[in-house]
Amino acid sequence: MQAPSNTGFAILQSVAMRRRFFVDQVRNGHAEIAGDEARHLTRVLRVEVGQRYEISDNHSVYLAEIETARKEHVIFKTLEKLPVVEPPVRMILCAAIVKFDHFEWMIEKATELGVAAIIPMVSVRTERGLDKAAPKRLERWRRIGLEASQQSRRAHLPEIVEPTPWKDVLATAGTYRYALDENGSQPLPAMFPVERRADDSVALLIGPEGGWTDEERSEFTTAGWAPVSLGPSILRAETAALAALAVVSAAWLPSGVATLKH
């Protein structure tokens, strides 16, 4: 793969300190944020008219200037469209639901690591009660994804879907699909293809803290998921998820910098 140009590095460096916010849409060169998010901007961040930030409508990124800053209403005027820094590979995290404080930490950090989609699921050894309570947490999980996306300057929000049945999770599409398992005979990096492409997608299957049952192992293997290991240590579910995402992202990253897309 071709090494990134010096221009790419300059773009990354020049915008490193500028904050980014997500908006619902950009229309006629303007975008607005209202309600709680606007109150956060005006009361906590103390944004003012004339200040410049970056905004994303989940499609494109713009340099924008604040035109109006009231308590519950902030209006941006776009100045120019900016290049988008794309993750090196599309990563899908299929994760068994664990205790909510741990699961929410996983969502936050997975978002920072560039995950494209998070698919919560219930496995045999998922703690009782979490399956029924999980759908009520979806809005909160998406809010965590939004805040982590703004903090990490993502161009696109992660897709966080409703808790998904096991059989549907097994059918999740991906160019490469790996199931994290302490019984996996091959380390995750050993299973990576020699030639890795930016349009690849990698799906990761993460079990609960109690681990997979033998039946689940048989089912994901039959469905075409490759069982892999992250080493001899037994990791918490959220630790395994983040370690795997970091390893995948680094393996697909060309020459140590993300791809710039105009």
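Every number here is computed from the coordinates shown, using simple stated rules; none is lab data. The structure displayed is predicted, hence computed values, not measured ones. Methodologically, a virtual Cβ is constructed for each residue, glycine included, from the backbone with ideal geometry; neighbour enumeration extends over all protein chains shown.
Values computed for the structure shown
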read-out: Contour minus Cα-Cα distance for residue 191 and residue 19 (0.36 nm per residue); value: 58.2 nm
read-out: Helix-derived mean residue ellipticity, 222 nm - over the chain, DSSP H n ≥ 4, -39500 (n - 2.57), to 500; value: -8000 deg cm²/dmol
read-out: Ranking of 107, 66, 234 by count of other Cβ atoms within 10 Å, fewest first; value: 234, 66, 107
read-out: Degrees between helix 100-112 axis and first principal axis of the chain (Cα, 0 to 90, nearest 10); value: 60 degrees
read-out: Cross-link pairs beyond the 31 Å C-alpha cut-off, checked among 109/132; 71/99; 81/109; 71/132; 77/99; value: 71/99; 71/132; 77/99
read-out: Candidates 52, 128, 196: whichever shows maximal mean-square fluctuation once the chain is modelled as a Gaussian network with Cα springs under 10 Å; value: 128
read-out: Phi-based couplings in Hz for segment 120-132 (Karplus 6.51, -1.76, 1.60; Gly and Pro marked x); value: x, 8, 10, 10, 4, 9, 4, 4, 4, x, 5, 5, 6
read-out: Exposure proxy ranking, count of Cβ atoms within 10 Å, fewest first, for 181, 101, 168; value: 101, 168, 181
read-out: Cα-based Rg and Dmax for segment 90-255, where Dmax is the largest Cα-Cα distance (Å); value: 14.8, 45
read-out: Backbone HN-Hα couplings from phi across segment 237-251 [Karplus 6.51/-1.76/1.60, Hz, Gly and Pro as x]; value: 4, 5, 5, 4, 4, 6, 4, 5, 4, 5, 5, 5, 4, 5, 5
read-out: For segment 105-157 versus segment 205-231, the gap between their alpha-carbon centres in whole angstrom; value: 21 Å
read-out: For residue 82, distant residues with modelled amide H under 5 Å away; value: 61, 62, 63
read-out: Neighbour-count order for 59, 102, fewest beta carbons within 10 angstrom listed first; value: 59, 102
read-out: For residue 95, distant residues with modelled amide H under 5 Å away; value: 119, 121, 206
read-out: Beta bridges per DSSP with both ends in the chain, % antiparallel, nearest 5; value: 45 percent
read-out: Nearest-ten-degree value, helix 138-151 long axis tilted from longest Cα axis of the chain; value: 60 degrees
